[in-house]
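Here the structure is laid out as C-alpha cells; the discussion comes afterwards.
The values are calculated or read from the model by the stated rules, or taken from the named source; none is laboratory data. Bear in mind the structure is a predicted one, so any value in this text is a computation, not a measurement. Glycine also receives a Cβ, built like all others from the backbone with ideal geometry; neighbour counts cover every protein chain displayed.
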Ligand code: GUN
C-alpha cells in the first residue's frame with residue numbers, strides 16, 4: 001500500500017515548476033480559485049513543498065491571510081452539496097468524486113428536497129453556500145452538521161467554511177500524491 005511510504009511526494013514536484021506550470025497542475029486545488037496557488041508559488045516553494053501536507057499548509061496560509069472579500073469569493077466558488085449543478089453533472093472532477101464519495105449522488109427524492117431547503121436557508125442567511133469536507137461523512141452526518149451550522153453567526157460560519165475549504169484542499173493534495181505514488 002502506498003500509504004506506508006513516509007515521504008509521499010507530489011508529481012510533478014511543485015518546487016521544480018514555473019509559475020505557469022504550477023498553476024496548470026495545482027491551480028484547481030482551490031475550487032475555481034487559482035490565485036491561491038499563485039500566491040503560494042510567489043511565497044516561495046522549496047523541496048519541502050513537494051510533500052502534500054507541506055504544500056497544503058502553505059496554500060492554506062495564503063487563504064487565511066487573504067482579505068475577507070477574497071475569502072468569501074472562494075467560498076462562493078463552491079457548488080451546492082447535492083444541488084442542481086451536481087444533478088446536471090456540471091461539477092469539477094474533484095467535487096464530483098467528493099460528493100459521490102459521501103453518497104450524495106444517491107439521495108432519495110426526500111433527501112434531495114432536504115438539501116435543497118437547507119441550501120436555500122443557508123445561502124439566505126450567510127450569502128454563500130454551505131461547504132464542508134465530506135470525506136468520512138455520510139448523508140446523515142452531513143445533514144446534521146448542516147442544520148447545526150445554520151445556527152452559527154456570520155463570523156463563525158465564515159471562519160468554519162474557510163477551515164473546511166483548507167481541509168478539502170489538503171485532502172485533494174493527498175489524493176493526488178497517492179494517485180501517482
Ligand atoms: N465539500 C467537498 N466538496 C464540496 C463541494 O463541491 N461543495 C461543497 N459545498 N462542499 C464540498
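Annotations for the structure displayed:
- Boolean, residue 69 is under 23 Å from residue 56 (Cα atoms) and surrounded by fewer than 16 Cβ atoms within 10 Å (Cβ to Cβ): yes
- Subset of region 75-85 that is in a helix (DSSP H, G or I) and within 12 Å of the ligand (Cβ to nearest atom) - its residue that is nearest to residue 169 (Cα to Cα): 75
- Any hit, region 15-26, residues being assigned to a loop (DSSP other than H, G, I, E, B), over 30 Å from residue 113 (Cβ atoms) and out of contact with any strand residue (DSSP E or B) (no Cβ under 9 Å at 6 or more places or on another chain): yes
- The one condition from (1) within 17 Å of residue 34 (Cβ to Cβ); (2) within 15 Å of the ligand (Cβ to nearest atom); (3) without any contact (Cβ under 8 Å) to a residue 40 or more places away in the chain that residue 70 does not meet is (2).
- Total residues in region 45-57, condition free of Cβ contacts under 8 Å to residues at least 40 places away in the same chain, surrounded by fewer than 21 Cβ atoms within 10 Å (Cβ to Cβ) and in a helix (DSSP H, G or I): 4
- Count of residues meeting criterion [within 9 Å of the ligand (Cβ to nearest atom) and in contact with a helix residue (DSSP H, G or I) (Cβ under 9 Å, 6 or more places away or on another chain)] in region 86-96: 5
- Residue count, region 25-44 (criterion: over 15 Å from residue 172 (Cα atoms) and free of Cβ contacts under 8 Å to residues at least 12 places away in the same chain): 1
- Filtering 101, 83, 136 for residues that are surrounded by 13 or more Cβ atoms within 10 Å (Cβ to Cβ), out of contact with any helix residue (DSSP H, G or I) (no Cβ under 8 Å at 6 or more places or on another chain) and at pLDDT below 95 leaves a single hit, 101.
To keep it simple, each residue is scored yes or no on (1) within 14 Å of the ligand (Cβ to nearest atom); (2) assigned to a helix (DSSP H, G or I); (3) within 28 Å of residue 22 (Cα to Cα).
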| position | (1), (2), (3) |
| --- | --- |
| 100 | yes, yes, yes |
| 118 | yes, yes, no |
| 141 | yes, yes, no |
| 144 | no, yes, no |
| 151 | no, no, no |
| 159 | no, yes, yes |
| 172 | yes, yes, yes |
